[in-house]
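Quick notes on the structure that follows.
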Amino acid sequence: MIRQVKTYVKMFTNEDYKEYKSVIGAATMVKYNDSGVLEIHNKAKKNIMKYTPPVYKNVNDSIRNYYSEYQNKCVEYINTGRSSVLEEMNSILDEIDALVYYYVIINSKVKLEKESLISKISELYLQVKNIEDDYKEIIELQNELFGEVEKMKNLDDIPIIDFYIQHLPERLADEVLASKKITKPPKKEVPINDTFTAVQTSLLKQFPFHKLPVKIKTIEECNTRSNKKPYYISLKDLISAIDKDDELKEIFGPKYKKMTKKDICTIMLQ
């Protein structure tokens with residue numbers, strides 16, 4: 001579990017990730033090609049660097065998914081008593097604890113008593129001993145761990161990082177920009193002031209938004225919880241729209257019914 005925490009934290013200082021951020025920062029144009037590969041243009045270096053972009057996951061969404069899976073395994077163990085189910089439950093607990101540790105560490109500042117918080121969570125973790133005797137104790141323990149995370153949200157002077165890097169970017173083969181004048185392509189490429197805005201704009205042109213029951217332009221609009229907004233759409237309506245269309249099913253894959261609303265919005269607008 002501790003090894004996993006270190007892996008999450010080190011993603012941000014990984015050399016491949018730092019290089020990717022540097023390349024993005026120096027780019028003059030960014031777009032996705034037809035294969036979904038990110039093409040980063042740099043006129044100064046006269047090349048196009050191709051990347052499989054990093055995959056980001058929301059910490060709280062992942063914890064909720066693991067917690068739901070853990071509860072299901074508790075019921076399965078009560079019904080079957082199989083030791084293999086206990087092993088799966090322990091594995092899920094390790095994943096939850098790793099994310100909780102990561103969330104605390106990545107958002108901590110020196111003036112916060114970081115070591116005190118980490119020690120507290122470590123003490124709670126060590127209490128996980130009687131899983132065979134009383135699964136309810138484990139659920140209560142997880143609730144206490146989630147409470148520690150909620151306390152972090154109330155610390156206004158801390159910038160909350162609520163995501164982690166699931167997969168690092170992968171640099172593919174580069175291309176040399178042609179020296180002669182290039183004919184303007186049919187699809188206008190977006191010059192970037194804000195790199196991530198340009199990436200998002202490129203995706204907006206590719207995703208078939210006309211197949212959704214409402215008009216969505218930004219990830220904030222997609223994730224809104226205010227049902228009074230004209231662009232509000234519920235998870236149920238998103239799933240229903242995907243159910244009715246083969247192209248959308250192909251985009252989101254066979255597990256779309258198990259996705260959270262944030263996961264679906266990220267695929268559309270990341």
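Numbers below:
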item: Selection count, segment 24-48, where residues are exposed (fewer than 15 other Cβ atoms within 10 Å of the Cβ) and among the aromatic types (Phe, Trp, Tyr); result: 0
item: Residue ranges of strands (runs of 3 or more DSSP E) in segment 38-84 with at least 1 members free of Cβ contacts under 8 Å to residues at least 24 places away in the same chain; result: 38-42
item: Count of segment 1-45 residues which are acidic (Asp, Glu) and over 19 Å from Ile165 (Cβ atoms); result: 2
item: Tally of residues being under 17 Å from the mean Cα position of the chain (by Cα) and in contact (Cβ under 8 Å) with a residue 40 or more places away in the chain across segment 1-24; result: 7
item: Failed item in (1) assigned to a loop (DSSP other than H, G, I, E, B); (2) free of Cβ contacts under 8 Å to residues at least 12 places away in the same chain, with Ala27 passing the rest; result: (2)
item: Pair list, Cβ < 7 Å and 6+ apart or interchain, from segment 230-250 residues that are in the same structural domain as Leu212 (by TED's automatic domain parsing) to residues that are part of a helix (DSSP H, G or I) and β-branched (Val, Ile, Thr); result: Leu238/Ile264; Leu248/Ile242; Lys249/Ile242
item: Where Pro213 falls short, out of the listed (1) at pLDDT 80 or above; (2) assigned to a helix (DSSP H, G or I); (3) of a type outside the set (S, T, N, Q); result: (2)
item: Matching residues in segment 41-65 - criterion: being over 20 Å from Glu95 (Cβ atoms), in contact with a helix residue (DSSP H, G or I) (Cβ under 9 Å, 6 or more places away or on another chain) and not aromatic (Phe, Trp, Tyr); result: Asn42, Met49, Pro53
item: Selection within segment 209-221 - over 16 Å from Asp237 (Cβ atoms) and either in contact (Cβ under 8 Å) with a residue 40 or more places away in the chain or touching a strand residue (DSSP E or B) at 6+ places or on another chain (Cβ under 8 Å) (or both); result: Thr218, Ile219
item: Those residues of segment 233-270 which are farther than 19 Å from Asp61 by Cβ and outside any helix (DSSP H, G or I), in sequence order; result: Lys244, Asp245, Pro254
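The values are calculated or read from the model by the stated rules, or taken from the named source; none is laboratory data. Only a predicted model underlies this, so the values are computations on that prediction, with no experimental measurement involved. Here the Cβ is made from the backbone with ideal geometry for all residues, glycine too, and neighbour counts use every protein chain on show.
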